[in-house]
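Only one structure is covered here, and it is reproduced in the block below.
The values are calculated or read from the model by the stated rules, or taken from the named source; none is laboratory data. Note that this is a predicted model, so its numbers are computed, not measured. Here the Cβ is made from the backbone with ideal geometry for all residues, glycine too, and neighbour counts use every protein chain on show. Heads up: the accessible areas ignore ligands, DNA and RNA and are worked out on the full protein's heavy atoms, side chains in. Shrake-Rupley method; radii C 1.70, N 1.55, O 1.52, S 1.80 Å.
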Amino acid sequence: IGSMNRSGLSGIEYEMDDMLTSYWPKDLIRNNLDAGKLLFRLETGHYSRWSVRTLQVCAEAIRECSEQGIPIFLEPLPVAKKDESSPYETIMDADELIKIVGIASGIGGSSAKTWIKIPYVANFERVVRATTLPILILGGDSKEDPTYTIENISKALESGPNVRGALVGRNILFPGD
């Protein structure tokens, strides 16, 4: 799976302007990769124009991947800052996830090969019912003990038939001591 957008550098003014700077759909094909992964963070405050621009680029990439038959793993995350000096944090709220899952479900011309990667939150059953797309659970921030991550994945898998698994990475591979 090729990660397609990696320009949303933490701490810079244009962090939400997360353009395709890694794989383009043609690169996925040329490198014989099975799918592409896109991150879309929605910031509704001062820098929302950059989130909208990133959404447009993601939609274009999804459209092109769809035309080529390439599956997409889209990670739509609502984010906010506590204040100007703090980093963006994912809003871990079912209502906010429902909104962004609704956006993610309708971009790119076709959702036939789109999977959504989202974090587990309280009232996750409501989020699951907000889309027919297959859902994978994110591992979240790295913790010293992977038990929390594993428990959340277990709860998420019981939330509906379109929750298909998890993409966890660092929480399982590098859980601390």
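Figures for the structure shown
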read-out	value
Selection from the range 48-61 of residues that are out of contact with any helix residue (DSSP H, G or I) (no Cβ under 9 Å at 6 or more places or on another chain) and farther than 13 Å from GLU15 by Cα	GLN56, VAL57, ALA59, GLU60
So THR131, is it out of contact with any Pro (no Cβ under 8 Å at 6 or more places or on another chain) and over 17 Å from LYS37 (Cα atoms)	yes
Residues that are open to solvent by 50 Å² or more (accessible area, probe 1.4 Å) and out of contact with any helix residue (DSSP H, G or I) (no Cβ under 9 Å at 6 or more places or on another chain), drawn from the range 91-105	MET92, ASP93, GLU96, LYS99
Filter result for LEU39 (outside any loop (DSSP other than H, G, I, E, B), without any contact (Cβ under 8 Å) to a residue 40 or more places away in the chain, closer than 18 Å to ILE103 by Cα and within 13 Å of the chain's Cα centre (by Cα))	yes
Residues of the range 63-78 classified as touching a residue at least 40 places away in the same chain (Cβ under 8 Å) and in a strand (DSSP E or B), total	6
Subset of the range 3-21 (residues that are in a loop (DSSP other than H, G, I, E, B), touching a strand residue (DSSP E or B) at 6+ places or on another chain (Cβ under 9 Å) and over 13 Å from HIS46 (Cα atoms))	MET4, ARG6, SER7, GLY8, ASP18, MET19, THR21
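Residues are listed down the side, and each one gets a yes or a no for (1) modelled with pLDDT of 80 or more; (2) closer than 22 Å to ARG41 by Cα:
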| position | (1), (2) |
| --- | --- |
| ARG129 | yes, yes |
| ASP141 | no, yes |
| THR147 | yes, no |
| ILE150 | yes, no |
| VAL168 | no, yes |
| PHE174 | no, no |
